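Engineer: Have a look at this one before I ask anything.
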Amino acid sequence: MKFSQMFIPTTKEAPKDATLASHQFLVRAGFISQTGSGIYDFMPLGKIVLEKIRAIVKEEMDNAGANEVQFGFVTPLSFWEESGRANTMGNELLKFKDRKNTGYVLSPTNEEAVVNMVKNRITSYKDLPVNLYQINTKFRDEARPRFGLMRGREFLMKDAYSFHATEEDLIREFNLMEATYKKIYTRLGLEFRVVAADSGAIGGSGSKEFMVLANSGEDTIVVCPDCEYGANIEAATRKPRHFNAWFENTNAPQSMEKVLTQDLTTIEDVANFLSIPKAQTIKAVIKKAIYETNTQIVVFFVRGDDELEETKACNAVEALELIDANEDEIIEAGIVAGYCGPFGLKDGITYVIDKELEDEVGLACGANEANYHFINSDLSTLKDVKYFDLIAVQEGDSCSCCGGKLEYTKGIEAGHIFQLGTKYASAMDAKFLDNNGKSQPFIMGCYGIGVSRLVAAVIEQSHDEKGCIWSKETAPYMVDVIVSNAKKEDELNAGNKIYNDLKIAGISTILDDRVNARFGFKMSDFELIGFPYAVVIGKKLPDGLVEIVNRKTLEKEEISLDEVVNRLKKLI
Ligand code: ATP
Ligand code: MG
């Protein structure tokens with residue numbers, strides 16, 4: 001392709017809200033154009049990169065035996081009513097009506113559509129397993145679309161869905177998809193980590209996320225430096241800490257006692273006053289849980305030096321969402337803020353206690369009475385308590401696999417695979433006959449890759465202060481042949497020749513033949529766009545010499561005209 005024929009609107013201006021390098025550079029280098037909140041058009045270079053990534057994803061999915069299909073971007077709301085997600089997806093699900101008043105949604109994911117496709121078409125275990133996938137537009141009305149392609153409202157996703165007769169076969173496919181995903185991210189040249197994950201609104205049991213490691217990533221991942229353990233903070237666990245093990249000097253607990261803690265409402269103050277570590281106290285975190293049809297005040301109790309992990313907490317009470325409860329709501333619920341504890345809490349208040357505190361003795365906690373706390377509590381005396389893992393693992397906590405000191409790192413969620421089980425097939429009454437002739441709901445898995453997010457993720461991992469640095473697998477063109485002054489016929493001729501020779505050699509090339517752009521401008525476009533190599537045809541052409549520039553290192557190498565194509569073949 002020739003620059004003079006291509007639409008590549010580069011600019012010095014970055015969008016005002018662009019904090020990420022990928023957002024700034026993809027806009028500045030003319031890859032993408034924002035049209036609305038979280039909605040982007042792909043311009044020619046952006047489209048080439050998107051298609052390259054899509055092609056890799058497709059190739060590896062096909063190699064794994066999955067079948068490509070295409071679901072409508074618009075799906076009937078009735079599917080979502082059948083599965084129950086019309087209500088549980090919340091505001092991310094964009095619903096609308098047609099002229100006949102029939103409800104539809106813009107697909108945010110397609111479990112319902114695939115079940116509808118397979119239902120009554122696969123009727124026997126003999127026709128299982130099957131894995132169907134598409135690479136198609138999704139729409140999620142995200143609360144805070146941001147960071148360019150990272151968190152759009154409209155985005156491109158590869159979504160695959162597998163159907164199985166047995167749980168073992170689902171696990172086999174799940175492992176195959178994990179291996180396939182690893183191949184995809186490796187081919188894209190990404191540094192990534194596979195981690196245990198929460199299953200979110202999609203549901204199901206086991207799930208794993210594929211995290212592209214980057215400081216700008218929105219996800220916190222907990223990793224062990226000494227073993228393979230890695231998990232999204234939403235799902236991370238640690239070796240349980242136990243009070244008795246820590247405070248060996250503490251004798252067997254005395255009986256619980258109420259003590260005056262005048263005006264002491266924080267964990268810090270109470271622990272100081274009682275001369276105990278914060279870990280020997282119980283903290284109450286009061287939230288408002290949002291459900292399909294109602295809301296409820298819920299209290300979560302965690303160890304005083306722990307923090308509540310909201311996703312875990314939300315799952316524990318099976319809420320759609322948790323929000324902060326305000327003072328009035330707390331009072332109205334009959335909770336004494338600052339002095340809230342699990343003993344003698346007003347009847348009817350829903351509360352959950354962190355799993356690690358189960359049967360713990362000797363802790364201090366609020367006495368549900370202003371200015372009073374209990375000491376020497378014994379949690380084993382509480383009846384009918386719900387214990388759940390509620391806490392956010394902290395750096396330095398011990399790895400539950402090997403005891404190593406856990407660390408945090410940041411990642412971009414580039415993919416997510418789920419063992420769904422029978423959730424959707426049961427809800428939508430999609431069944432097959434098993435080998436005993438018995439009717440069973442399909443056992444399903446689902447597997448997503450954020451294809452458009454990957455465009456941004458590649459650049460988050462690979463850029464410098466001048467712009468993008470594409471890898472071989474992702475570059476819009478491998479070589480940018482820059483004619484310094486296209487008004488000079490000999491330069492332009494040499495440029496054309498190298499360009500044609502490179503094309504014959506099978507190397508994707510763009511020729512910067514623009515007559516009215518100066519050399520400096522062409523060079524900064526090369527750096528901003530990030531083609532892996534440039535060939536600069538300039539002053540030394542009369543001596544038969546040109547220059548190869550490596551975008552990543554910015555190193556220059558002078559080379560004779562006859563050698564340049566061979567040299568590039570070698571480099572690439
Ligand atoms: P996130 O936690 O980032 O909101 P998610 O867990 O809701 O993502 P999934 O339902 O697992 O996302 O979707 C599969 C993949 O689609 C994700 O791993 C991610 O790469 C991509 N994806 C999800 N939401 C967006 C978005 N708003 N913009 C771009 N890509 C997205
Ligand atoms: Mg996810």
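The values are calculated or read from the model by the stated rules, or taken from the named source; none is laboratory data. Predicted model, so just to flag it, every value in this text is computed and none were measured. Using ideal geometry, Cβ is built from the backbone for each residue, glycine included, and neighbour counts are taken over all protein chains shown.
Engineer: Can you name the condition, by its number, that residue 374 falls short on among (1) surrounded by 15 or more Cβ atoms within 10 Å (Cβ to Cβ); (2) within 29 Å of the chain's Cα centre (by Cα); (3) of a type outside the set (A, V, I, L, M)?
Structural biologist: Only one criterion in (1) surrounded by 15 or more Cβ atoms within 10 Å (Cβ to Cβ); (2) within 29 Å of the chain's Cα centre (by Cα); (3) of a type outside the set (A, V, I, L, M) is unmet by residue 374, namely (2).
Engineer: Now a separate question. Determine which single condition residue 201 fails, assuming it passes every other condition in (1) within 13 Å of ligand 1 (Cβ to nearest atom); (2) outside any loop (DSSP other than H, G, I, E, B); (3) modelled with pLDDT of 95 or more; (4) under 30 Å from residue 104 (Cα atoms).
Structural biologist: Among (1) within 13 Å of ligand 1 (Cβ to nearest atom); (2) outside any loop (DSSP other than H, G, I, E, B); (3) modelled with pLDDT of 95 or more; (4) under 30 Å from residue 104 (Cα atoms), residue 201 violates only (3).
Engineer: Can you tell me which residues in the range 302-320 are assigned to a loop (DSSP other than H, G, I, E, B) and surrounded by 18 or more Cβ atoms within 10 Å (Cβ to Cβ)?
Structural biologist: Kept after step one, since they are assigned to a loop (DSSP other than H, G, I, E, B), are these residues of the range 302-320: 304-307, 309, 317-320.
Residues satisfying the conditions are 304, 306, 309, 317, 319.
Engineer: Taking the stated definitions as given, is residue 548 in contact with a Phe, Trp or Tyr (Cβ under 8 Å, 6 or more places away or on another chain) and farther than 27 Å from residue 20 by Cβ?
Structural biologist: On the way: in contact with a Phe, Trp or Tyr (Cβ under 8 Å, 6 or more places away or on another chain): yes; farther than 27 Å from residue 20 by Cβ: yes.
Considered against the rule, which asks whether it is in contact with a Phe, Trp or Tyr (Cβ under 8 Å, 6 or more places away or on another chain) and farther than 27 Å from residue 20 by Cβ, residue 548 comes out as yes.
Engineer: Across the range 152-182, which residue is surrounded by the most Cβ atoms within 10 Å (Cβ to Cβ) among those that are hydroxyl-bearing (Ser, Thr, Tyr) and within 16 Å of ligand 2 (Cβ to nearest atom)?
Structural biologist: Narrowing the range 152-182 to residues hydroxyl-bearing (Ser, Thr, Tyr): 161-162, 166, 180-181.
Going one step further and asking which of them are within 16 Å of ligand 2 (Cβ to nearest atom), we end up with 161, 181.
Working: 161: 29, 181: 27.
Once the filter is applied, the top-ranked residue is 161.
Engineer: Restricting attention to the range 535-544, does a residue exist that is under 24 Å from residue 189 (Cα atoms) and surrounded by 14 or more Cβ atoms within 10 Å (Cβ to Cβ)?
Structural biologist: The first filter runs over the range 535-544 and keeps only residues under 24 Å from residue 189 (Cα atoms), leaving 535.
Going one step further and asking which of them are surrounded by 14 or more Cβ atoms within 10 Å (Cβ to Cβ), we end up with 535.
Yes: one or more hits.
Engineer: Got a number for residues in the range 443-487 being on the phi > 0 side of the Ramachandran plot and within 16 Å of ligand 1 (Cβ to nearest atom)?
Structural biologist: Step one: of the range 443-487, the residues on the phi > 0 side of the Ramachandran plot are 467.
Within this subset, residues satisfying the condition of being within 16 Å of ligand 1 (Cβ to nearest atom) are none.
Final tally of qualifying residues: 0.
Engineer: Something else: Which of the residues that make up the range 382-391 are in contact (Cβ under 8 Å) with a residue 12 or more places away in the chain and more than 14 Å from residue 283 (Cα to Cα)?
Structural biologist: Start the filter on the range 382-391 by keeping residues that are in contact (Cβ under 8 Å) with a residue 12 or more places away in the chain, which leaves 382, 385-391.
Once the filter is applied, which keeps residues that are in contact (Cβ under 8 Å) with a residue 12 or more places away in the chain and more than 14 Å from residue 283 (Cα to Cα), the range 382-391 yields 382, 385, 386, 387, 388, 389.
Engineer: Let me confirm something: among 396, 404, 362, which residue is among the small types (Gly, Ala, Ser), without any contact (Cβ under 8 Å) to a residue 60 or more places away in the chain and away from ligand 1 (no atom under 16 Å from the Cβ)? Outline the logic, then answer.
Structural biologist: Details: 404 fails: without any contact (Cβ under 8 Å) to a residue 60 or more places away in the chain; 362 fails: without any contact (Cβ under 8 Å) to a residue 60 or more places away in the chain.
Among 396, 404, 362, only 396 is among the small types (Gly, Ala, Ser), without any contact (Cβ under 8 Å) to a residue 60 or more places away in the chain and away from ligand 1 (no atom under 16 Å from the Cβ).
Engineer: When the residues of the range 11-24 are narrowed to those that are in contact with a helix residue (DSSP H, G or I) (Cβ under 6 Å, 6 or more places away or on another chain) and outside any loop (DSSP other than H, G, I, E, B), which ends up surrounded by the fewest Cβ atoms within 10 Å (Cβ to Cβ)? Explain how you work it out, then say what you get.
Structural biologist: Taking the range 11-24 and keeping what is in contact with a helix residue (DSSP H, G or I) (Cβ under 6 Å, 6 or more places away or on another chain), we get 11, 14-15, 18, 22-23.
Applying the additional criterion that residues be outside any loop (DSSP other than H, G, I, E, B) yields 22-23.
Working: 22: 28, 23: 24.
Across the range 11-24, the extreme among qualifying residues is 23.
Engineer: Let me ask something else. Whether any residue in the range 523-538 is small (Gly, Ala, Ser) and touching a Ser or Thr at 6+ places or on another chain (Cβ under 6 Å) is what I want to check. So that I can check it myself, show each step before the final result.
Structural biologist: Let us first name the residues in the range 523-538 that are small (Gly, Ala, Ser), namely 524, 530, 534, 538.
With touching a Ser or Thr at 6+ places or on another chain (Cβ under 6 Å) added as a condition, the list becomes 538.
Checking the range 523-538: at least one residue is small (Gly, Ala, Ser) and touching a Ser or Thr at 6+ places or on another chain (Cβ under 6 Å).
Engineer: In the range 550-564, what residues are within 41 Å of the chain's Cα centre (by Cα) and surrounded by 21 or more Cβ atoms within 10 Å (Cβ to Cβ)? Outline the logic, then answer.
Structural biologist: Step one: list which residues in the range 550-564 are within 41 Å of the chain's Cα centre (by Cα), which gives 550-557.
Listed by number, the list holds a single entry, 551.
Engineer: Output the number of the condition that residue 419 fails; it satisfies all remaining conditions of (1) over 30 Å from residue 183 (Cα atoms); (2) assigned to a strand (DSSP E or B).
Structural biologist: Result: residue 419 fails condition (1) only.
Engineer: Could you please let me know if residue 395 is at pLDDT 95 or above, touching a Phe, Trp or Tyr at 6+ places or on another chain (Cβ under 9 Å) and among the acidic types (Asp, Glu)? Talk me through it step by step, then tell me what you get.
Structural biologist: Numbers: at pLDDT 95 or above: yes; touching a Phe, Trp or Tyr at 6+ places or on another chain (Cβ under 9 Å): yes; among the acidic types (Asp, Glu): yes.
Yes: the conditions hold for residue 395.
Engineer: Given the condition surrounded by 17 or more Cβ atoms within 10 Å (Cβ to Cβ), out of contact with any Leu (no Cβ under 9 Å at 6 or more places or on another chain) and within 21 Å of residue 158 (Cα to Cα), answer yes or no: does some residue in the range 93-103 qualify?
Structural biologist: For the range 93-103, residues surrounded by 17 or more Cβ atoms within 10 Å (Cβ to Cβ), out of contact with any Leu (no Cβ under 9 Å at 6 or more places or on another chain) and within 21 Å of residue 158 (Cα to Cα): absent.
Engineer: Scan the range 159-171 and give yes if some residue there is within 14 Å of ligand 1 (Cβ to nearest atom), within 22 Å of residue 131 (Cβ to Cβ) and among the small types (Gly, Ala, Ser), otherwise no. So that I can check it myself, show each step before the final result.
Structural biologist: Initial filter on the range 159-171 (within 14 Å of ligand 1 (Cβ to nearest atom)): 159-161.
Pick out the ones that are also within 22 Å of residue 131 (Cβ to Cβ) and you get 159-161.
This time we only want the ones that are among the small types (Gly, Ala, Ser), so: 160.
Yes, the range 159-171 contains a residue that is within 14 Å of ligand 1 (Cβ to nearest atom), within 22 Å of residue 131 (Cβ to Cβ) and among the small types (Gly, Ala, Ser).
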